[in-house]
């Protein structure tokens, strides 16, 4: 399969570790692209759902594919979201070549562009975690 060369690919709300995740379809998509930059924009791993010990092989293959892209030169940024909240405590670190942060600013076409997960606007969620548990 010929890969599409992309400047930037942005993926959000994948929810690895949950039954709602479409890992096989995502693997097909990731195998079809060759991005210079891959932005994982929050809720990539659903840490809250992982308490049920549900993490099938296809979900692990997605993680392996992302690390494979990074190893081949794709710049990977992992922006935290509300479902992968444990990662928010380790803001602005690197896991190998993958940057983990709560927000990202990139200069695109000469302009600063800010990336963040949309849950920062959900004030009901931010102030009532006890309701979700």
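The length gained by stretching the chain between residue 29 and residue 13 to full extension, at 0.36 nm per residue less their Cα-Cα distance, is 4.3 nm.
Residue separation of residue 112 and residue 71 scaled by 0.36 nm, minus their Cα-Cα distance, works out to 12.1 nm of gained length.
Sorted ascending by nearby beta carbons within 10 Å, beginning with the fewest, 13, 92, 46 become 92, 13, 46. As a proxy for reagent exposure, 68, 12 were ordered by neighbouring Cβ count within 10 angstrom, fewest first; the result is 68, 12. Of 95, 1, the sequence from fewest to most neighbouring Cβ atoms within 10 angstrom is 1, 95.
Bear in mind these aren't lab numbers, they're just calculated from the coordinates by the rules spelled out. No experiment lies behind these values; they were computed from the predicted model shown. Note that each Cβ is placed from the backbone with ideal geometry, even for glycine, and that neighbours are counted across all protein chains shown.
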